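All remarks here apply to the structure that follows.
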Amino acid sequence: MIVEPSAAAASRSSKQNSDCHAEATYSGAVSHSEEDSGNENRQKSARRRKRAHSLSENGKNKTAKAGCSSGGRTRGRRVRQEHVETVTLFEVITMGKSAIQAVIDDWIEAYLTDRDASLLDLISFFIQCSGCKGVVTAEMCQSKEDRAMRSKMVEELDEGAGLQFKRFLVFPWILTVTWPMDADSAEYPLVQSGPSGRWFHSEFCEFVSLLVARCQHSVMFDSYLMNNLISLLTELSDSRIRAFRHTCTLAAVKLQSSLAGVALSLSVGIENNQKLYEVQRTKTMRSKSAQQLERIQNISELQERRAEIEGMMDAIFKGVFLKRYRDMLPEIRSICMEELGLWMKLYSSAFLNDSSLKYLGWMMHDKVPDVRLKCVLGLQGLYSDPVLLPKLDLFTSRFKDRLISMTLDKDNDVEVQAMKLLVLISKSCEDVLTPDDYKQLLPFVYSSHRPLAAVTGELLFSRIVNAAAPASDLQGEMSEEDAQKQQTLARLKALLQFYQESELHEHVAYLVDSLWDCGGSLLKDWPTLTAALLQNSSSPSAGGGFTSAEQAVIVEILVASARQASEGPALPGRSGAKKAMSVKEKKVQTDDCLKLTEHLLRIVQKQETLRSASISTSYYAAVLDLCSDPAVLEAASRSYLSLCGEGAAWCCTTRTARDSLVQRWVDQLTELLGESLRGDGFSADEEKTREIVATVKKLRAFHNCHDLSRWSVFDLLAPLLTEESSHGGAPAEVLEEVLQCLSFSMIWSLNTSSETLTCREKAVAQRLQLRVFCEQSHRCLSHSQLSVRHQAFLGVCDVLLAHSYQIQVWDPTSYSPLLYTPSPRLQRALLTFVCAHVFVDSDGQNRVSENSEMERLEDLHRRRNMLAAFCKLIVHGVLEMSTAAEVYTHYMKYNNDFGDIIKETMFRTRQINKMESARTLVLCLQQLFVRLKQEQSSSRAQSRIQTFTSIKELARRFALTFGDVVKFRECVVMIHRTSIEFVFQEFSQTPDGATPPFLSYLTILSEFSSKLLKPDKKTV
């Protein structure tokens, strides 16, 4: 604050009485210690409890005792006068809107009494809001054109004293602000993190808006307050100090926004008075009221005030905006663009022109996403108002290409809002977007980012609605129901035409998901979709029906919409969808599922497609005899599972048909294998091999959903797991299907053991089968074909996991299964397989084609499945927990691909045994450190070994997982003791070896030291 010496105050008071204020000189200074500034946050809660009426009394007391009260308030201390506590304007910001309004009213009263002291208080407020902890000095300037004074308007450094100086003119004062040089690096209020920074930003803007609102009818037009305030903000916004520049630019543009509101209200008042004046002029002389005419003729006064406001706005625009809209600080650029859009919408007569619009167009090329976002949001407000559209024609034609290109922005928010803006343009300006523009925009319905796809779906649906608009003459000839049906069919036709013409994707589910929010009326029209399928497609052009290709797409749309209505918008590969539904959305989902079910049941009953289960099963059997496609076999297997359910009336017939089908396949396979397994190896020609593969595929698909244990599928297929094909074994395609079928057989046997194991002989036979499968699969882990190795690994993991679950949930009242423990050779083989096939770099990084990208994603998905299967064995106790140490060593290098799986493994193992889990982490770090030492001592460098820095970073991430230091106290102590023992193991101090070879490992251990409690630091 600025404090006047008593002599100067007395002098000014006497000169005010003699009306010689213009010749007075004085100077004042105030210093804000860092202690006072630090106490502000600690006193915040107490200050918020101050009541508004106390502030009002404070202001009234200050008015009565101007010199004493102003001095007490500007010192920033708590001075009690008549038991009333005074506060600064800066402190008021923390008290809420009601307190701000009361203090501004008091400040206006004080300004009317002593405008110099009150203005200095307001100046000090903006200095304090900039985070300045220094000294403000003021001296009187005799003339605004004094060249000697203007030569002192500088900003300089005193490196010897460690101070910075900023001197600027706020007539009639020259203000000098002095602060430490390191203040620029400190956090000023606007950039504080957390809720406090957001709260200050909101209250600061509210203060500026309320200041203009409360002054517009009193002191705003005195040619003193606003001129000095604008001069202050203009000078400080041009400072090289970030805090001054940021804070005062925000204050200036918010002041501009408030002034635009005042100018708008004046314009409305002028327009109303002019209309009233014209009405009064038409009346006869007798009916004219002299008072009304006198009041109406005050239009000129309002026009003068509006001109004065526009002059203020022009000064701020030229003095602040034009200098700061390209500031190096992105926050300042964002503020300028956000407020410029508001000015154009609020006071379009002055700001909405091509000269101002060009700044929004230029800044859409800014390198910071938030600046581009503010430009797009500002334009959305303009294009949403039909009155403003004629003034945007030139801007639209000039920057349309840039708006379209922003849909490819790297920032998700920017691309979504840019697409929303283009949707507004397409609705308000029909001829702006050309067919080529739509061809470039509409494919975004297949985007992986759902918000962008949903907005593009709105654009597509608006095109479909416009394309399917019925003719007015035809609409009058048909009933309302027929017209609605015809319109829906036309929209469906337009959607099918877009899908067929795009030729970009085959994923109808993603198209349905994109249109779900805006086009639900079309996609949820189940009667129309089913009616389109039941139409005769023999003459689509004549009767308006659909072709076979279109009906195939309608089937996919119907399936996708049914799934969308029942499961929600969660699609693989598409991000940005809401993770949780609201109560209203859940109710809508339930209603949609009910309507869909009722409608489909009516259609099914009407068509009588289920009148005979034997016809259905015969149809399935005929299809399965001719087809061996995995998708068809899987669908048929699941259909049989549904038809064989206990609730179906035809379950007995369907089960008989299924058993007959499986028996036929088993007999056929027995005959084929009997001819092929003669002698020492597999001897079948190419045709018989294809038959064997097709039959095993059918058994495998049905074994996935049905228990086929009574056909002894395991005993039938186990002989195929012999030596490799080079030594007379079965081909790779046969082994792959056999391994998967045998794994299903073992899993069914283990899951139904509570019913089938009735004696020890059956338990022994089951364990023998389990051992045979694991041993044969172990041998297949070294097969020459990669697909066989992958299937053998997944089969062993699934079977061992099912056996672990069998042991955990067996019923004590039934016969107990016998425990099987995988051999150490098998455990080492599984770990070696994971290291060799999961933690490897993908080939072909230089290829960028679509096919190579899909292959890379499929390979990554396959490797993630294998790692997840292996980690499940560790979590469920099939493998020792220490086995996970080798997996953890790859955490840093493969964090992007497998980080979530590895972290989940850490979490699950810690829940089981936190001490053993901590030992595993230590073992992982020790293994990496020993390998690094071996690499450093060897002559050959191995690129797979991680650096010391990466090991230390891995230890840091491990330490972050120990959140609750009290809960994991024993673990942290054990980690330190085990690590210290590791460093000093087998170490004896000799003249040749003065330090342990692993001493540098203590640097890695230091990452865990922050988790040690103080008592444990003494004992470790």
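The values are calculated or read from the model by the stated rules, or taken from the named source; none is laboratory data. Please read these numbers as outputs of a predicted model, since none were measured by experiment. Glycine gets a Cβ as well: all are built from the backbone with ideal geometry, and neighbour counts include every protein chain shown. Note: areas computed on protein heavy atoms with side chains; ligands, DNA, RNA excluded. Shrake-Rupley method; radii C 1.70, N 1.55, O 1.52, S 1.80 Å.
Structure notes:
- Matching entry among LEU357, LEU346, LEU377, LEU340 (being more than 18 Å from THR249 (Cβ to Cβ) and open to solvent by less than 10 Å² (accessible area, probe 1.4 Å)): LEU357
- Residue in region 636-656 that is open to solvent by 40 Å² or more (accessible area, probe 1.4 Å), among the charged types (D, E, K, R), modelled with pLDDT of 80 or more and closer than 22 Å to GLN564 by Cα present: yes
- Residues of region 782-804 satisfying the condition of being open to solvent by 20 Å² or more (accessible area, probe 1.4 Å) and either outside any helix (DSSP H, G or I) or among the hydrophobic types (A, V, I, L, M, F, W, C) (or both): SER782, SER784, GLN785, LEU786, LEU794, LEU801
- Given (1) over 30 Å from SER334 (Cβ atoms); (2) aromatic (Phe, Trp, Tyr); (3) at pLDDT 85 or above, number of the condition TRP173 does not satisfy: (3)
- Residue match in region 250-262 (condition: over 37 Å from the mean Cα position of the chain (by Cα) and open to solvent by 60 Å² or more (accessible area, probe 1.4 Å)): no
- Region 582-600, residues that are touching a residue at least 12 places away in the same chain (Cβ under 8 Å) and open to solvent by less than 90 Å² (accessible area, probe 1.4 Å): GLN589, ASP592, CYS593, LEU596, HIS599, LEU600
- Whichever residue in region 904-943 is exposed (fewer than 13 other Cβ atoms within 10 Å of the Cβ) and not in a helix (DSSP H, G or I) and, among such residues, is modelled with the highest pLDDT: SER938
- When region 483-507 is filtered for residues that are surrounded by fewer than 19 Cβ atoms within 10 Å (Cβ to Cβ), under 26 Å from GLY573 (Cα atoms) and of a type in the set (A, V, I, L, M), only LEU504 remains.
- Enumeration of residues in region 410-443 that are hydrophobic (A, V, I, L, M, F, W, C) and either over 19 Å from LEU495 (Cα atoms) or open to solvent by 30 Å² or more (accessible area, probe 1.4 Å) (or both): VAL414, VAL416, ALA418, MET419, LEU421, LEU422, LEU424, ILE425, CYS429, VAL432, LEU433
- Residue count for region 869-902 satisfying the condition of being touching a Gly at 6+ places or on another chain (Cβ under 9 Å) and either closer than 30 Å to TYR820 by Cα or assigned to a helix (DSSP H, G or I) (or both): 0.
- Hits in region 706-730 (condition: open to solvent by 30 Å² or more (accessible area, probe 1.4 Å), in a loop (DSSP other than H, G, I, E, B) and at pLDDT 85 or above): ASP707, SER712
- Boolean, TRP665 is modelled with pLDDT under 80 and closer than 19 Å to VAL623 by Cβ: no
- No other residue among LEU624, LEU633 is assigned to a helix (DSSP H, G or I), at pLDDT 85 or above and over 30 Å from TRP516 (Cβ atoms) apart from LEU633.
- Counted residues, region 435-466 - those being within 19 Å of the chain's Cα centre (by Cα), part of a helix (DSSP H, G or I) and of a type in the set (Gly, Ala, Ser): 2
- Check on ILE747, open to solvent by 10 Å² or more (accessible area, probe 1.4 Å) and closer than 21 Å to PHE702 by Cα: yes
- Pairs are defined by a Cβ separation below 8 Å, a sequence spacing of at least 6 or placement on different chains, a first member in region 623-634 that is of a type in the set (D, E, K, R), and a second member that is surrounded by 14 or more Cβ atoms within 10 Å (Cβ to Cβ); the pairs so defined are GLU634/ALA701; GLU634/ASN704.
- Residue list for region 412-434, filter: within 18 Å of GLY519 (Cα to Cα) and either over 23 Å from the mean Cα position of the chain (by Cα) or aromatic (Phe, Trp, Tyr) (or both): LEU424, SER426, LYS427
- Single residue of region 1005-1019 satisfying the filter (under 12 Å from PHE968 (Cβ atoms) and of a type in the set (A, V, I, L, M)) that is farthest from the chain's Cα centre (by Cα): LEU1013
- For region 988-997, a residue qualifies if it is modelled with pLDDT under 70 and surrounded by 12 or more Cβ atoms within 10 Å (Cβ to Cβ), but none of them does.
- Top-ranked residue in region 732-743 [being open to solvent by 40 Å² or more (accessible area, probe 1.4 Å) and out of contact with any Gly (no Cβ under 8 Å at 6 or more places or on another chain); ranked as farthest from HIS803 (Cα to Cα)]: GLU733
- With respect to (1) open to solvent by less than 20 Å² (accessible area, probe 1.4 Å); (2) closer than 20 Å to GLU91 by Cα; (3) modelled with pLDDT of 85 or more, the lone exception for HIS201 is condition (1).
- Residue check for LEU232: modelled with pLDDT of 85 or more, open to solvent by less than 20 Å² (accessible area, probe 1.4 Å) and over 40 Å from the mean Cα position of the chain (by Cα): yes
- LEU382 vs. criteria touching a helix residue (DSSP H, G or I) at 6+ places or on another chain (Cβ under 6 Å) and either within 29 Å of ALA263 (Cα to Cα) or in a helix (DSSP H, G or I) (or both): yes
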